[in-house]
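Data first, discussion second: the structure below is written as structure tokens.
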Amino acid sequence: MKNFLTLIIFSFSILILTSCGKDEVPKPEYYYKFKVNGVQKEFKASDDASIFFTQDQGSTNRRTLFTMVSGTDPLKNTIVMSYRSPTSIVVGNTYQMQAPIIIGGVENPSILFFYFDENGKEYGASLLKSSNPGANDNVFFSFTEFSNENSKGNFEAVIFDLSATGDLNRREVVEITEGEFFLPNFISIL
């Protein structure tokens, strides 16, 4: 009887353990990668990485916030990009910073881009060329795949040290090329 009870408990335990594994879907390997002035950077995205889609309250403008972060320090090896538009994002379209959006009657860049390097130094692109003579800031991105759960896409940017002062056209250029992301989506209906 004791062996029979042990066998039942053992069988029940095996049944529970094997059934738990069947219901769980493996989490995709989220990542982002790019080159900084030709030097390859590749990161496994942390649980804090995402693409957040929402609509501005009281407006028809949609906002997309990309947070590409890895590791435990959100101010190292991180890219944050914000995109605003009155239209929905379409897979295959290329979006660029220098195509301005009008907010409150004022032209604004449709994309803001910030990069924190491995030392935490901040670079960015946030200036429209049309209202800032000498500025060469620019960002491009596109989605290559989109689902309810995640998105894949590409990006490139011309960015600058945000602590630099002086003439805009004399700032040292930092180029982000061959950027690629695969991140989870979060959609908000406000």
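The values are calculated or read from the model by the stated rules, or taken from the named source; none is laboratory data. All figures in this text were calculated on a predicted structure; none of them were measured in a lab. Cβ: placed from backbone, ideal geometry, glycine included. Neighbour counts: every protein chain shown. When the accessible area is computed, the model is the full protein with side chains, heavy atoms only, and any ligands, DNA or RNA have been set aside. Shrake-Rupley method; radii C 1.70, N 1.55, O 1.52, S 1.80 Å.
Residues of the stretch 47-61 that are at pLDDT below 85 and either within 12 Å of the chain's Cα centre (by Cα) or of a type in the set (S, T, N, Q) (or both): Gln55, Gln57, Ser59, Thr60, Asn61.
Against the test of being modelled with pLDDT under 90, open to solvent by 30 Å² or more (accessible area, probe 1.4 Å) and more than 25 Å from Phe43 (Cα to Cα), the options Thr87, Thr72 yield a single qualifying residue, Thr87. Taking the stretch 106-143 as the range and being among the β-branched types (Val, Ile, Thr) and open to solvent by less than 70 Å² (accessible area, probe 1.4 Å) as the test, the residues that pass are Ile111, Val139. Here Phe146 passes the criteria (1) open to solvent by less than 10 Å² (accessible area, probe 1.4 Å); (2) within 26 Å of Phe53 (Cα to Cα) except the one numbered (1). Based on this model, can you work out whether Thr64 counts as assigned to a strand (DSSP E or B), within 21 Å of Ser142 (Cβ to Cβ) and modelled with pLDDT under 95? Here the answer is yes, as Thr64 does meet what is asked. In the stretch 67-104, the residue that is nearest to Lys35 (Cα to Cα) out of those that are of a type in the set (A, V, I, L, M) and part of a loop (DSSP other than H, G, I, E, B) is Val69.
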